[in-house]
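Worksheet for the structure shown next.
The values are calculated or read from the model by the stated rules, or taken from the named source; none is laboratory data. For clarity, every value in this text was computed on a predicted model and none was experimentally measured. In this analysis, Cβ positions are derived from the backbone assuming ideal geometry, glycine residues included, and neighbour counts consider all displayed protein chains. To get the accessible areas, we keep the full protein, side chains included, count just its heavy atoms, and leave off ligands, DNA and RNA. Shrake-Rupley method; radii C 1.70, N 1.55, O 1.52, S 1.80 Å.
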Amino acid sequence: MKKLIVANWKMKPSSLKEAKKIFNEIKKVTSKLKKVDTVICPPFVYLPALGDSVSKQTWRLSLQVGAQDIFYEDKGAFTGEISVMMVKNLGANYVIIGHSERRKYLGETNEIINKKIKTALKNNLKVIFCVGEQERDIEGNYLYFIKNEIEEGLKGISRKLFKNLIIAYEPIWAIGKKGEDADNSEDIFQMSIYIRRVLLGIVGKELSRTIFIIYGGSVEPENAESLLKEGGTQGFLVGHASLVPKNFNKILKIAQNIK
Ligand code: PGA
């Protein structure tokens with residue numbers, strides 16, 4: 001099965017020139033990788049340039065671009081917001097929805113996230129739906145927390161739209177740290193089984209098996225191999241390491257060589 005490696009550039013870098021430089025360094029590697037789908041999610045303002053560069057290539061399918069968010073309405077008077085069609089028309093095929101930083105700093109609730117997921121899936125955009133707990137407690141309440149995030153986020157969504165859904169498990173306590181502070185592969189393995197069971201309850205056995213689950217939170221070249229081999233996930237959502245082409249390319253090559 002192909003691996004999915006998504007770069008979340010967050011609010012970086014600060015110029016288009018830099019963005020293009022990073023992108024082109026990554027592009028050199030992705031064109032050679034047959035077993036990895038790479039998605040770069042830059043800030044909106046760089047999508048036109050990077051989306052254009054992707055659509056001109058014959059290896060379009062191995063390197064794609066995505067948005068870091070969209071608004072839940074298709075069009076209208078919503079100052080400052082960006083619609084699904086706007087990003088699709090710029091060449092984006094993916095969108096990250098429900099990232100913990102948006103939940104924390106922008107006040108995104110499960111209800112808002114649910115509306116965004118619905119709009120994106122209805123318009124054929126692939127959704128990277130982020131879930132993750134703030135902390136782990138011995139009683140295991142964090143498991144209920146994750147279950148609730150998934151159930152609320154996917155409420156009322158037609159089963160036939162689930163083919164474009166990807167779940168990104170990102171424990172908040174593991175984000176933006178050094179590789180050694182990432183979650184360990186054993187926990188991720190258990191969590192991926194748990195998430196699949198939650199999905200089973202929502203969409204049934206057959207469909208739940210096909211949904212990609214990826215891990216995010218301090219993925220670096222040093223831990224990528226063990227996390228991918230033993231973590232039971234189908235890929236990564238990579239933050240800080242995706243802005244350093246040398247590191248991101250190493251992660252891509254590791255994903256390509258995983259048996
Ligand atoms: P990180 O970010 O790799 O810097 O931990 C991951 C994310 O927030 O998506």
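Once both labels are modelled 7 Å past Cα along the beta-carbon direction, what's the residue 105-residue 259 spacing in nm?
Result: 4.3 nm between the two label points.
If you roll a 1.4 Å probe over the heavy atoms of the protein chains, what accessible area per residue do you get for region 70-215, in Å²?
Numbers: 7650 Å² over 146 residues.
Value returned for region 70-215: 52 Å² of accessible area per residue.
Under a no-solvent Debye model with one identical scatterer per Cα of region 167-239, what's log10 I(q)/I(0) at q = 0.17, 0.22, 0.27 Å⁻¹?
Cα-only, vacuum Debye calculation for region 167-239: -0.57, -0.87, -1.19.
Roughly speaking, to the nearest percent, how much of the chain's 1.4 Å accessible area is carbon and sulfur?
Its accessible area is 53 percent carbon and sulfur atoms.
Working out 0.36 nm times the residue gap between residue 134 and residue 158, then minus their Cα-Cα distance, what length gain in nm do you get to one decimal?
Numbers: separation 24, 0.36 × 24 = 8.64 nm, distance 2.91 nm.
Using 0.36 nm per residue and subtracting the Cα-Cα distance, I get 5.7 nm.
Lys/Arg Cβ at +1, Asp/Glu Cβ at -1, dipole of the chain taken about the Cα centre: which of 7, 242, 33 is farthest positive-ward?
33
If each DSSP helix of 4+ residues adds -39,500 (n - 2.57) and the sum is divided by the residues in the chain, what number results at 222 nm, nearest 500 deg cm²/dmol? Could the numbers behind the result be given before it?
Values: 10 runs with 110 residues, N = 259.
Result for the chain, helices only: -13000 deg cm²/dmol.
Of 20/118; 118/246; 28/126; 21/115, which sit over 28 Å apart, Cα to Cα? All intermediate terms of the calculation are to be shown ahead of the outcome.
Values: 20/118 31 Å; 118/246 36 Å; 28/126 24 Å; 21/115 35 Å.
In this structure, 20/118; 118/246; 21/115 lie more than 28 Å apart at Cα.
Once the dipole of region 3-257 is set up with Lys and Arg at +1 and Asp and Glu at -1 on Cβ about the Cα centre, which of 109, 16, 195 lies farthest towards its positive end?
16
Less than 20 Å apart at the alpha-carbon level, and either on another chain or at least 8 residues along: which aspartates and glutamates does that give for residue 12?
25, 52, 69, 81, 101, 170, 220
Residue 160: which aspartates and glutamates have alpha carbons under 14 Å from its alpha carbon, excluding same-chain residues fewer than 8 sequence positions away?
Correct list for residue 160: 206.
Using every alpha carbon pair in the chain, what percent of pairs falls into each 5 Å bin from 0 up to the bin containing the largest distance?
Histogramming the chain at 5 Å steps yields 1, 6, 14, 19, 21, 18, 13, 6, 2, 0, 0 percent.
Given a cut-off of under 8 Å on Cα pairs at least six residues apart, what relative contact order in percent is computed for the chain? Show your work: numbers first, answer last.
Numbers: 483 pairs, mean separation 53.1, N = 259.
Here the relative contact order equals 20 percent.
How big is D, in µm² s⁻¹, for region 130-259 by Stokes-Einstein at 4 °C and 1.567 mPa s if Rh is the Kirkwood radius over C-alpha pairs? Please list the in-between numbers first.
Values: Rh = 15.2 Å.
For the chosen part, D equals 85 µm²/s.
With +1 assigned to the C-beta of every Lys and Arg and -1 to the C-beta of every Asp and Glu, and no other charges, what is the dipole magnitude of region 91-194 about the Cα centre in debye, to the nearest 20? If you can, show how the numbers build up before the last one.
Values: 16 positive and 16 negative charges, 197 e Å.
It works out to roughly 940 debye.
Rounded to the nearest 20 Debye, what is the dipole magnitude of the chain about its Cα centre when Lys and Arg each give +1 and Asp and Glu each give -1 at the C-beta? Please list the in-between numbers first.
On the way: 41 positive and 29 negative charges, 299 e Å.
Using only the charged Cβ atoms, the result is roughly 1440 debye.
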